[in-house]
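Computed from the coordinates by the stated procedures, all read-outs in this text should not be read as laboratory data. Everything numeric in this text was worked out from a predicted model, so none of it was measured.
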Amino acid sequence: MIYHSIAEIYEANERALARLSESVEGLSDGEAAFRLSPEQWSIAEILEHVSLVETQLARLFQVMLQKAEAAGVAGRTVDAPFAAVSIKDFVEQAATQKYKAPETVVPTGTVPLAGSLASLNATRDTLNELRPVIERMDCTQMRYPHPAFGPLNLYQWLAFMGIHQSRHRRQIEALRETMNTERGATS
């Protein structure tokens with residue numbers, strides 16, 4: 001994925017969140033608790049994980065931007081070209097690897113789908129509030145390490161959010177398909 005503007009990143013993230021939300025529409029609590037094996041997360045846990053990650057990222061962005069403003073980091077000139085942001089290598093790597101989530105974003109299994117969706121929407125609102133600051137700041141040097149991919153700048157982290165949502169949406173869709181197949185086999 002290559003993004004040529006902050007607007008493109010925000011638009012992609014908005015689409016990813018909409019599709020993620022659609023992937024859990026109409027699920028009962030029992031269906032949301034479905035898991036293939038005891039070691040694997042349920043649909044509700046996957047969504048809780050995504051909401052935990054995004055809540056932490058929104059806080060991280062707030063801190064990074066506050067520190068940058070306090071340090072007098074130069075702003076972007078409105079007319080200056082935006083240096084393309086690519087996370088293509090990370091997407092390719094993620095397609096073939098399984099990752100272990102850091103402890104801080106491992107789901108508890110106690111949050112219902114509605115709670116995770118509300119958290120995701122609150123995070124989206126926070127990111128929309130931060131957007132004017134992100135658009136006027138040069139965020140290329142604001143870096144924080146990703147546990148698997150190493151240091152990412154704020155733009156890359158922002159793009160990562162949508163990619164992360166999409167990855168987990170596909171997992172949810174696969175679980176739903178398996179659940180429906182198993183239900184059909186037992187009827």
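Remark on Met137: its backbone amide H falls under 5 Å from those of Arg76, a criterion applied only to residues 5 or more positions apart or on other chains, H modelled at 1.01 Å from N.
When shorter helices are ignored and each DSSP H run of at least 4 residues is given -39500 (n - 2.57), the per-residue value for the chain at 222 nm works out to -21500 deg cm²/dmol.
In this structure the amide hydrogen of Met142, modeled in the peptide plane, comes within under 5 Å of the amide hydrogens of Leu154, none closer than 5 places in sequence on its chain.
Largest GNM mean-square fluctuation across Pro81, Pro107, Pro151, computed for the chain with C-alpha springs under 10 Å, falls on Pro81.
Of all complete DSSP H helices in the chain, those with a Cα span along the helix axis of 18 Å or greater and a mean Kyte-Doolittle hydropathy of -1.0 or more are 6-23, 43-71, 113-136, 154-186.
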